[in-house]
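J.: One structure is given below, represented as structure tokens, and several questions about it will come after.
We did not get these values from a lab; they are worked out from the coordinates using the rules stated. Every value quoted in this text rests on a predicted model; they were computed, and no experiment measured them. Here Cβ is always computed from backbone atoms with ideal geometry, including for glycine, and neighbour counts include all displayed protein chains.
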Amino acid sequence: MKISAVRGFRDILPEESALWRVLESQARTSFATYGFAEIIVPVVEKTELFARAIGETTDIVEKEMYTFTDRDESSLTLRPEGTASVIRAYIEHNLNHKEPVSKLFYIGPMFRRERPQKGRYRQFHQIGAEILGRDDALIDAELLLMLNDLFKSLQLEVSIDVNSLGDAVCRPRFRERLKAFGESKLAQLCENCHSRLHRNPLRILDCKEPGCRQATVDAPVIRDFLCDPCREHFTKVETYLRQENVAFTVNPRLVRGLDYYCRTSFEILAHGLGSQNAVCGGGRYDGLVEQLGGPAVPGIGFAIGVERLVMLLQAQERHLSTAPDVFIAPLGEVAEGRAFSLARRLRQEGYRVELEGGGRGLKAQMRRADKLNARHVLILGENELTAGKGTVRDMQTKTDRPLAVDLTLPAQAMIDVIRETSH
Ligand code: AMP
């Protein structure tokens with residue numbers, strides 16, 4: 001019997017993984033310009049970490065975690081998100097004593113036992129970043145600016161939704177008011193929202209059920225409840241973003257699923273992904289470090305969903321070429337020996353080289369070069385080689401040029417001919 005992958009877990013095949021690397025390298029470049037450094041944290045943590053960080057009453061902790069008992073009876077969990085682990089590491093290594101501000105990013109798999117569908121998996125990947133040690137609006141705006149520029153550099157059309165969730169001073173008032181509002185609409189709300197109303201009333205605002213959306217059109221708006229410092233903070237974020245012409249929408253329904261968010265919250269949505277259209281989510285979490293037993297250090301962060309971004313790149317037919325720059329077709333054993341050295345030298349110069357041979361004829365090798373979409377073919381025939389020559393064929397223009405095959409010459413001579421052939 002064939003063994004297939006586990007439901008919700010998938011293989012990333014070479015054609016797709018090339019796009020992953022583009023995304024990852026673009027993110028690394030952007031993050032570096034903003035002064036972020038990478039942190040690599042384990043995929044397994046004590047279950048308690050997520051229960052405390054994410055909140056006992058969230059969907060993730062209640063029903064989506066992959067939790068198991070280790071042989072020593074301790075309860076461990078495959079991480080469902082990255083922030084909790086980064087903060088655990090930040091506290092454990094006293095990073096706040098080393099730097100007043102820590103800017104950290106991570107890349108890796110996350111695990112949530114959700115119902116799999118297109119764009120939603122049980123193992124998925126996130127590229128995330130956290131800034132610990134700053135609570136001013138400038139930092140929030142800077143993080144959003146970095147995301148805006150990252151999406152622009154990937155030429156992806158997205159919209160940025162922002163909202164303020166207030167803080168421990170002003171949110172409780174809003175929460176109560178929203179709860180009372182929800183109770184007055186109980187008959188129109190879905191089952192899920194009934195329980196949300198008790199556990200986390202803000203969540204009724206981001207329910208996707210049409211009935212719930214209808215029932216909450218005139219729900220109280222958090223902006224009207226913000227205390228002065230929260231209002232001022234949010235206005236500053238908006239001002240900085242406008243200053244840099246970052247297009248964004250204030251979405252009063254944006255509440256985020258996790259308990260720890262406060263003040264600036266945001267979500268980045270892509271067009272053309274269907275219902276799973278959120279590609280990035282994040283926000284400020286000023287009490288979280290303390291809640292996890294650390295110092296009173298404020299924080300803000302985000303996580304980008306890699307699979308969804310890759311789907312967007314694929315939808316735009318941004319398939320990346322993995323085609324060889326040079327395909328070497330040697331004819332006969334002596335030529336193969338030469339080709340072996342030539343291939344190495346070209347690779348050392350950074351060329352993508354495919355070496356054929358294997359005793360196959362020219363026709364078969366050319367067919368293979370065509371199939372691989374090779375840019376150039378370097379033909380090394382036995383007779384020509386005795387005269388120290390080969391031929392470079394430009395596969396687009398079908399023009400040939402002779403090439404001196406002299407391994408005592410610097411590789412540059414050979415490269416020059418290959419370059420000239422393409423002109
Ligand atoms: P969150 O950690 O829930 O704020 O999610 C941040 C981003 O991760 C989302 O905007 C999605 O792009 C992505 N994401 C979250 N859950 C999944 C999942 N089950 N499958 C694929 N991507 C996901």
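J.: Fully extended, how many nm does the chain gain between N373 and E15 (0.36 nm per residue separation, minus their Cα-Cα distance)?
T.: Gain on stretching N373 to E15: 127.5 nm.
J.: Would you mind checking the tilt of helix 83-92 against the longest principal axis of the Cα atoms of the chain, expressed as 0 to 90 degrees and rounded to 10?
T.: For helix 83-92, the angle is close to 90 degrees.
J.: Applying 1/(1 + (r/R0)^6) with R0 = 56 Å to the Cβ-Cβ distance of D406 and V44, what FRET efficiency is obtained, to the nearest 0.05?
T.: The calculated FRET efficiency here is 0.50.
J.: Go from 0 up to the bin containing the longest alpha carbon distance in region 146-199, width 10 Å each, and give me the % of pairs per bin.
T.: Binned Cα distances yield the sequence 19, 28, 23, 23, 7.
J.: Starting from the Cα gyration tensor of the chain, take the square roots of the eigenvalues, sort them a ≥ b ≥ c, and report rounded, prolate or oblate (rounded when a/c is under 1.5, otherwise prolate if a/b is larger than b/c, else oblate).
T.: It comes out prolate by the Cα gyration axes.
J.: Answer with one residue from I304, P210, V250: the one whose Cα lies farthest towards the positive end of the charge dipole of the chain, charges on Cβ with Lys, Arg +1 and Asp, Glu -1.
T.: The Cα lying farthest towards the positive end belongs to P210.
J.: Explain nothing, just compute: Karplus ³J(HN,Hα) = 6.51 cos²θ - 1.76 cosθ + 1.60, θ = phi - 60°, for every residue of region 357-369 in order, whole Hz, x for Gly and Pro.
T.: Once rounded to whole Hz, the list reads x, x, x, 8, x, 4, 4, 4, 5, 5, 4, 5, 4.
J.: From the helices alone, meaning DSSP H stretches of at least four residues, give me the mean residue ellipticity at 222 nm for the chain, per-run term -39500 (n - 2.57), in deg cm²/dmol to the nearest 500.
T.: -11500 deg cm²/dmol
J.: Between D228 and A5, 0.36 nm times their residue separation minus their Cα-Cα distance comes to what?
T.: 75.0 nm
J.: How much FRET efficiency would the formula 1/(1 + (r/R0)^6) give for E73 and E333, where r is the Cβ-Cβ distance and R0 is 60 Å, rounded to 0.05?
T.: Approximately 0.40, to the nearest 0.05.
J.: Another question, then. Among E73, E130, E356, what is the fewest-to-most ranking by other Cβ atoms within 10 Å?
T.: If I rank by nearby Cβ atoms, fewest first, I get E73, E356, E130.
J.: How do D149, D11, D140 rank when sorted from fewest to most other Cβ atoms within 10 Å of their own Cβ?
T.: Ascending Cβ contact count within 10 Å gives the list D11, D149, D140.
J.: Rounded to whole Hz and in sequence order, give me ³J(HN,Hα) for region 273-283 from the Karplus expression 6.51 cos²θ - 1.76 cosθ + 1.60, θ = phi - 60°, writing x for Gly and Pro.
T.: Going residue by residue, I get 10, x, 6, 8, 9, 7, 9, 7, x, x, x Hz, with x marking Gly and Pro.
J.: What is the dipole size for the chain, taken about its Cα centre, with +1 at each Lys and Arg Cβ and -1 at each Asp and Glu Cβ, in debye to the nearest 20?
T.: Computed about the Cα centre, the dipole is about 960 debye.
J.: Here's another thing I want to ask about it. So how much slack lies between R213 and A180, counting 0.36 nm per residue of separation and subtracting their Cα-Cα distance, in nm?
T.: 10.2 nm is the gain from fully extending R213 to A180.
J.: What list of ³J(HN,Hα) couplings, whole Hz, do you get for region 399-405 from phi and the Karplus terms 6.51, -1.76, 1.60, once you set θ to phi - 60° and write x for glycine and proline?
T.: Those phi angles translate into 9, 10, 9, x, 10, 6, 9 Hz.
J.: Okay, moving on. M311: net charge of surrounding residues, Cβ under 10 Å, Lys/Arg +1, Asp/Glu -1, itself excluded?
T.: 0
J.: Between the helical axis of 228-243 and the dominant principal axis of the chain, each derived from Cα atoms, what acute angle in degrees is found, rounded to the nearest 10?
T.: On a 0 to 90 degree scale, this one is about 30.
J.: Could you tell me the convex hull volume per residue, in Å³, taken over the Cα atoms of region 326-422?
T.: Once divided by residue count, the hull of region 326-422 is 84 Å³.
J.: Name the residues whose placed amide hydrogens come within less than 5 Å of the amide hydrogen of H125, ignoring near sequence neighbours (fewer than 5 apart) on the same chain.
T.: For H125, whose amide H was placed from the backbone, the distant partners under 5 Å are M110, V306, E307.
J.: Within region 326-422, what percent of beta bridges assigned by DSSP are antiparallel, to the nearest 5?
T.: That works out to approximately 55 percent antiparallel.
J.: Amide H of V246: which non-local residues (sequence gap of 5 or more, or other chain) have their own amide H closer than 5 Å, using H built in the peptide plane?
T.: Under 5 Å from the amide H of V246: no residue qualifies.
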